[in-house]
Structures are given as structure tokens and as C-alpha cells.
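Worksheet: one structure, shown below.
What follows is calculated from the coordinates using simple rules that are stated; it is not laboratory data. No experiment lies behind these values; they were computed from the predicted model shown. In this analysis, Cβ positions are derived from the backbone assuming ideal geometry, glycine residues included, and neighbour counts consider all displayed protein chains.
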Amino acid sequence: MERKNCLKIGMVCYPTYGGSGVVATELGRYLARRGHTVHFISYSMPFRLAVASEENVHYHKVNLIDYPVFPSPSYTLSLAVKIMELTVQAELDVIHVHYAVPHAVSAYLARQMLAPRRIALVTTLHGTDITLVGSHPALHPAVRFAIEQSDAVTAVSQWLADQTVGQFQTTRPIAVTPNFVDPEIYRCRHGECPMRRFVGEGEKVVLHISNFRPVKRVGDVVRAFAKIREKVKARLLLVGDGPEREAAEDLARELGVLGATAFLGRHTSTECFYSIADVFLLTSKNEAFGLAALEAMSAQVPVVAYAGGGIVEVVTDGATGCLVSFGDVEALAARAVELLQDGERARAMGRSGRQKVLDQFAPDRIAAQYEAVYQTAIATALR
Ligand code: GMT
């Protein structure tokens, strides 16, 4: 990339396990490789980042202050101050916030404090910032305001863009910039994975990876697996952790499949698990995109999921996986059993899934879309 097109980007994200942080981190790393300078801003180091060894990548910690009269430290304010200071110090061209709450509000406040200097603000909506937490009456007006004040807004699926307009009556155009995945990392490794030790001889592997929040409905994964086990010798691998983990374990015990289920906890890299999976189950309600489904497709694993939210933009029913009506555990299990019993069909779906990733969700393609969004935002901010 020509030097004059290289930007200094402030990337605001959550550092913890979760899709929005992963997308922000990976995007920042790709943009840095394309010649941009990327400054990550968060309250701790994003878990996928290794600043020390990556060129053009910096990390800035937001300092939180605790004060006895505050109910909790004010992250929104501290973040606004950090964005403001860094914009001046690093001469940023654009601030890109991932997840509207409260990042878009902090960025707006920073911009106001910087006036008359203008800085371009880009807000990427990821999911529950719109469908759950952002639409709570206690936050809704602030989130709507911050979206409207952004110089450019993106959403990870058309479904999420439509939800945003429906729930917030926003007028700012929303560009759809899907999640992406590195096909070199998420690829079929033909079972080379130390996690193999959790799988018995001749057992098929059913995989689920999530943050175990209620929206993921991990209970439905366990229920479907109990039905799958009636027909196929299989093992359920559950990767991740979160509020519903214990309930999932109790349910597995109750349904008599605890012995066939492995709770593997959180892992920084998940590519290994896909390489030993025969089918990936996703049971979320209102999933804005479903990054894990994309990773599975990239690794040639067919996805069986509820048809809803942005999932239908990711998984092509009958081609890269199977979609069933929301809540229909019976159908979920039936489709998974068909794939587990028909290896040829499952492998064909896996190949189609990977092709879809290569055609539509490759990193360079999506990074280029974000670069175009930055240029729009800069032009708008300077107007
Ligand atoms: O909304 C969340 O659960 C948080 C967020 C995250 O940080 O994990 O996930 C959302 O963003 C991901 C990355 O864009 C999407 O792939 C997920 O579909 C989306 N989650 C939901 O919509 C539930």
C-alpha cells in the first residue's frame, strides 16, 4: 500500500474472550500488515495480541479510577480521556470502536473534547450491543445518539443492520462488514490435534464452542447430543466457559450423557478442535453473525444450527450445513445424525463451506471493506 494511504487507527475493543474482541484484534493485525499503524485501546491487553512481536501494532491501557462515591469505576469517562489523549499524541486519523456500548459514547465524548479538531469515528455493531444490552431502556437513548453521531457505522450482518434500524430508528447508513477468518489457520488438519485424547476409538465428534452465555442456549446442544447418542457412537466436546456452563453439566448428567461429554474450558486458539470435529452445533437465539460457525466452515466442518439472525447469511442450508427452525432440538439432532452417518455428504458440505469462506469471508477482502469505510468516515468528518 502506498504510504499516503496508510492510516493511524485507534482500535477500541473488549479484550476478553468473545467474537467482537477477536474480530477487532484480527482486523487490527491485518491492517497493520497492510501498512497501517494500529493502536489498540482497552482496559487490558486483547488476548490474541502479541504487541511485542508485531510491527505497526501498539497497545494502550485505559486507567480506571475507583472512588468511594462511585457505584463502580467509570469506564466510559476513562476511555473517552484515553481516546482524546491518544488522538493527539499518535496523530490518529480514525477511531474505530467495536461494540457500541459504551465505546461509541466514549468516542463521541472524546471527539467533543478535541473540538475544533475533527477525528473520524467508526462504530461497528456486533450483536448484543444492539439486541440485548444496548436496547435496554436505561441505555437505549445514549446508544442511539452515539450511532447517529458516528461518521460511519458498520454491522456484521444485514440482519443486525435491519435490527438496528428497527429498534433504534437510526438514519445513518449502515455498511455490512461481515466477520472473517484466516483460512490458513482454520483449515482441515486431518485430525492432527492433541485433543484427540478426549475422543474414544471409532467415536464421532460433535463440537460446540461459545462463551456459554444464555443467548447461546448450550442446553439445546446437550439435549440434541443426547438424541444423537441414541443413534451414533459420538462424543460431545464443549469448548469455552461462561454463566451457563454448570447448568449444561447438570443437564448432561440428568440426560445420562455426562460420560460422553468433555468440558474443555477456554482456549486462546481453537483451530485444533475443528480439525477433529465431524459436525459443529450452534443453537443461539439471535446470533448476529456466528464467528464460530465461520471458523468451522473454514476447517471443512459442516454446521448444524438454528435458522435465525445473521446465521442464515453465513451457513447455506443444504450446502455448507443444515439449518432448522429455532427451538427444534429434534430436527437439530436428526440433521446431525444424517451427517454423522453419511461421511461423503458431510465432507462435501465441509468443502462447500470452505469455498464459501474463501470466496466471501477472507481477511484481505474484509480488511479492504473496512479501509473503504475509514475513507468514507474521514471524508464525512472533514466536511
Ligand atoms: O454479542 C455478544 O455475545 C458479544 C459479541 C462478542 O464479543 O462475542 O458477539 C457478537 O459479535 C461476534 C463478532 O462480530 C459475532 O460473530 C457474534 O454473532 C455476536 N454475538 C451475538 O450476536 C450473540
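How much length would be gained if the chain were fully extended between R187 and T380, taking 0.36 nm per residue of separation minus their Cα-Cα distance, in nm to one decimal?
Using 0.36 nm per residue and subtracting the Cα-Cα distance, I get 65.5 nm.
Measure off 7 Å from each Cα along the Cα-to-Cβ vector at D364 and I65, then give the distance between these two points in nanometres to one decimal.
Here the modelled spin labels are 4.8 nm apart.
In nm, what is the difference between 0.36 nm times the number of residues separating E201 and E55 and their Cα-Cα distance?
Fully extending the segment from E201 to E55 adds 48.1 nm.
By average Cβ neighbour count within 10 Å, what is the ranking of 147-155, 61-69 from highest down?
147-155, 61-69
Ignoring everything except DSSP H segments at least 4 long, calculate the 222 nm mean residue ellipticity for the chain; use -39,500 (n - 2.57) per segment, divide by total residues, nearest 500.
Result for the chain: -12500 deg cm²/dmol, rounded to the nearest 500.
Quickly work out the T268-to-D342 label distance, labels modelled 7 Å from Cα along the C-beta direction, and quote it in nm with one decimal.
So the label points at D342 and T268 sit 4.2 nm apart.
Can you tell me the FRET efficiency between M45 and Q355 if r is taken as the Cβ-Cβ distance and R0 is 41 Å, rounded to the nearest 0.05?
Calculated value: 0.70.
Check V176: other-chain or 5+ apart residues with amide H under 5 Å from its amide H, H built from backbone geometry?
Distant-sequence amide H within range of V176: A155.
State to the nearest 20 debye the size of the charge dipole of segment 95-238 about its Cα centre, where the only charges are +1 on K and R beta carbons and -1 on D and E beta carbons.
Dipole magnitude for segment 95-238 comes out near 500 debye.
In debye, nearest 20: dipole of segment 269-383 around its Cα centre with unit charges on the Cβ of K, R (+) and D, E (-)?
Details: 9 positive and 14 negative charges, 57 e Å.
With only Lys, Arg, Asp and Glu charged at Cβ, the dipole is about 280 debye.
Going down the table (K204/K285; K8/K82; K233/K285; K204/K356; K233/K356), which pairs top 20 Å between alpha carbons? Show your work: numbers first, answer last.
Values: K204/K285 26 Å; K8/K82 16 Å; K233/K285 28 Å; K204/K356 25 Å; K233/K356 30 Å.
The pairs that break the limit, which is 20 Å between Cα atoms, are K204/K285; K233/K285; K204/K356; K233/K356.
Please identify every one of the trypsin sites (Lys or Arg not before Pro) in segment 215-250 that sits in a loop by DSSP and has no more than 13 other beta carbons within 10 Å of its own beta carbon.
Answer in residue order: K233.
With labels modelled as points extended 7 Å from the Cα through the Cβ direction, what inter-label distance (nm, one decimal) is found for E246 paired with Q89?
Using points 7 Å along Cα→Cβ, the separation is 4.1 nm.
What is the extension gain from K285 to F145, computed as 0.36 nm multiplied by their sequence separation minus the C-alpha to C-alpha distance, in nm to one decimal? Numbers along the way, then the final one.
Details: separation 140, 0.36 × 140 = 50.40 nm, distance 2.65 nm.
My answer for the length gained is 47.7 nm.
Over all alpha-carbon pairs in segment 239-383, figure out the percentage whose distance exceeds 27 Å.
Counting every Cα pair in segment 239-383, those more than 27 Å apart make up 30 percent.
Quick check for me: using +1 on Lys/Arg Cβ and -1 on Asp/Glu Cβ, what's the dipole size of segment 16-149 about its Cα centre, in debye to the nearest 20?
Roughly 120 debye for segment 16-149.
Just going by the charge dipole of segment 194-360, with Lys and Arg at +1 and Asp and Glu at -1 on Cβ, which of L238, C272, T261 is farthest out on the positive end?
C272
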